[in-house]
Amino acid sequence: MNRSYAEKFIKKQFNQLRKNIPRSFSLKNWDAIHDFRVALKRIVSILKFIKQHDLKKNINSLYKVTKLNVLYDTGGELREIQINRRILKTYRNRFNYPFLAFSRFLRKKEKIAGRKLKRSRVKFSFRKCRKFESQLIRTIREIPERKMLSLVDHFISGRISEIEFLILDHHVESKLHRIRKLIKSIKYMLEMSGLEKRSYGTLNFTIDKITLLEDHIGHWHDLFIFQEEIVFFREWLEKRGRSDLEVDLLVHVVQKDYEKQFQDTVQHIYTDFDIPKRSEIMQ
């Protein structure tokens, strides 16, 4: 494995941060918020890789000093609302209903989340971020080339074992978000290592295959968040003695769509991870 490839990968993620954090000042620029959070996810995955092997014990504190963790959290809050607005648009087109009350509710939440993100950007330091980037690169350079691939394999194998354990849990639905994070982490390690494909026991991974699985779980997660939001909104209306027939319809339809998406998602995970009891999908 070429260690310099990992260095280039790290630099690319920080370049994405520098490019998209300023662009995210506009609430209309949904792509910028998405792109800087994806870059951060890749950076955090590398950080976990480094910490797992005790390569630099103080590097986590350096990450927190940059306030990247705060930026990630507030960006995530805004991103979820924007995804909810996008999903609502598909239901508006599907039923030709405006869903006005829920739409206004989401727009108001988006403005509040936007203000939170703006405050977190003020605390963020590009100077400290550059120091953090340099530290990550120096740490990667300290790993002998002959040892790098075995460390990556060990990191990925541990995540595969955890996924296989979680998917057999009787309450797998509550574990899907964790499974999603683990799958992303595997993908990012393959990307960092420049590995288009890699085998672990009977499992054969390619970047394309794992991206498809990641996208499938992502669709589940988006619908899960949307369903929570619309149910919360209906309860919010009921507490105020109000009702909305359009919202009642949406809750009913989303619940059915969600159940189907959940079943399909779990089946995909069973198939891709070669789990024997693929037919026993338990909620």
- Could you please tell me which pairs satisfy a Cβ distance under 7 Å, a separation of 6+ or placement on different chains, a first residue in the stretch 210-224 that is assigned by TED's automatic domain parsing to the domain that holds Lys184, and a second residue that is of a type in the set (Phe, Trp, Tyr)? Trp220/Phe262; Leu223/Tyr258; Phe224/Tyr258
- Message: When you check Ser185 against the structure, is it crowded, with 20+ Cβ neighbours inside 10 Å and in a helix (DSSP H, G or I), yes or no?
- Response: yes
- Query: Quick check, is Tyr63 modelled with pLDDT under 85, under 22 Å from the mean Cα position of the chain (by Cα), of a type in the set (Phe, Trp, Tyr) and in the same structural domain as Arg3 (by TED's automatic domain parsing)?
  - Reply: yes
- Message: Looking for something free of Cβ contacts under 8 Å to residues at least 60 places away in the same chain, crowded, with 16+ Cβ neighbours inside 10 Å and among the charged types (D, E, K, R) - is there at least one such residue anywhere in the stretch 34-44?
- Response: yes
- Note on the structure: Taking the stretch 239-254 and the residues there that are loosely packed, with under 13 Cβ neighbours inside 10 Å and out of contact with any Lys or Arg (no Cβ under 9 Å at 6 or more places or on another chain), the one that is nearest to Glu228 (Cα to Cα) would be His252
- Message: Give me the helices (runs of 4 or more DSSP H) completely within the stretch 59-125, filtered to those with at least 3 residues that are among the polar types (S, T, N, Q), ordered by residue number.
- Response: 68-95
- Do you know which of the residues in the stretch 95-125 that are touching an Asp or Glu at 6+ places or on another chain (Cβ under 6 Å) and among the hydrophobic types (A, V, I, L, M, F, W, C) is farthest from Val70 (Cα to Cα)? Phe99
- Going through the stretch 143-158 one residue at a time, which ones are free of Cβ contacts under 8 Å to residues at least 60 places away in the same chain and surrounded by 19 or more Cβ atoms within 10 Å (Cβ to Cβ)? Ile156
- Task: Inspect all residues belonging to the stretch 159-168 and state whether any of them is surrounded by 13 or more Cβ atoms within 10 Å (Cβ to Cβ), more than 21 Å from the chain's Cα centre (by Cα), in the same structural domain as Tyr200 (by TED's automatic domain parsing) and not in a helix (DSSP H, G or I).
- Result: yes
- Query: Does any residue in the stretch 57-86 that is in contact (Cβ under 8 Å) with a residue 12 or more places away in the chain and on the phi > 0 side of the Ramachandran plot come within less than 7 Å, Cβ to Cβ, of a residue that is in a helix (DSSP H, G or I) and surrounded by 17 or more Cβ atoms within 10 Å (Cβ to Cβ) six or more places away or on a different chain, and which pairs are these?
  - Reply: Lys67/Ser120
- So Tyr72 clears everything in (1) touching a helix residue (DSSP H, G or I) at 6+ places or on another chain (Cβ under 7 Å); (2) at pLDDT 95 or above except one condition, right? Which one? (2)
- Give the residue that is surrounded by the most Cβ atoms within 10 Å (Cβ to Cβ), with candidates limited to residues of the stretch 104-129 that are in contact (Cβ under 8 Å) with a residue 40 or more places away in the chain and of a type in the set (Lys, Arg). Arg121
- Which of (1) more than 20 Å from the chain's Cα centre (by Cα); (2) modelled with pLDDT under 95; (3) assigned to a helix (DSSP H, G or I) does Ser26 not meet, given it meets every other one? (3)
- Item | Selection count, the stretch 224-248, where residues are among the polar types (S, T, N, Q) and either part of a helix (DSSP H, G or I) or under 15 Å from Arg92 (Cα atoms) (or both) | 1
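The values are calculated or read from the model by the stated rules, or taken from the named source; none is laboratory data. Small disclaimer: the values here were computed from a predicted structure and weren't measured. When we count neighbours, we look across all protein chains shown, and the Cβ atoms used for this are built from the backbone with ideal geometry, even at glycine.
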